[in-house]
Amino acid sequence: MRKTTAAILAVSAIGALTLAAAPARADSAGAAVAAGIGGFALGAIAGGALAQPAPPPPVYYAPPPPPRCWVERRPVFDEYGVEIGSRPRRICE
């Protein structure tokens, strides 16, 4: 609200100054240059006062899902390759 009020005051002040100025003569280009510079300054002041912050960037992907884990019974082998039993093992993908 404060920036908007400042912009409105700046616009009204510059508008009052241009209405109170003496009329330009046809043989002088100085008034046209001054009006161009004043218009640029007025646009910069109003644009800066009314500018809003940039929106947050979009999210393109979701985080990966947590790993799936479960317990399976796996065989246990001795040194000769003979199965001697089984043990529970945690398996994760």
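The values are calculated or read from the model by the stated rules, or taken from the named source; none is laboratory data. What you are looking at is a predicted structure, and each value in this text was computed from that prediction instead of being measured. Here the Cβ positions follow ideal geometry from the backbone for every residue, glycine too, while neighbour counts run over all protein chains shown. Heads up: the accessible areas ignore ligands, DNA and RNA and are worked out on the full protein's heavy atoms, side chains in. Shrake-Rupley method; radii C 1.70, N 1.55, O 1.52, S 1.80 Å.
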Please get the size of the charge dipole for segment 44-90, origin at its Cα centre, with Cβ charges of +1 on Lys and Arg and -1 on Asp and Glu, quoted in debye to the nearest 20. 160
For segment 71-85, in order, what is each residue's ³J(HN,Hα) by Karplus, 6.51 cos²θ - 1.76 cosθ + 1.60 with θ = phi - 60°, in whole Hz (x at glycine and Pro)? 10, 10, 8, 10, x, 10, 10, 8, 5, 9, x, 8, 6, 10, x
Signed unit charges on C-beta, dipole axis of segment 26-93, positive-most listed residue Ile37, Pro66, Ala51: Pro66
Where Leu42, Leu50 fall by accessible area, highest first, once all protein chains stay in place (1.4 Å): Leu50, Leu42
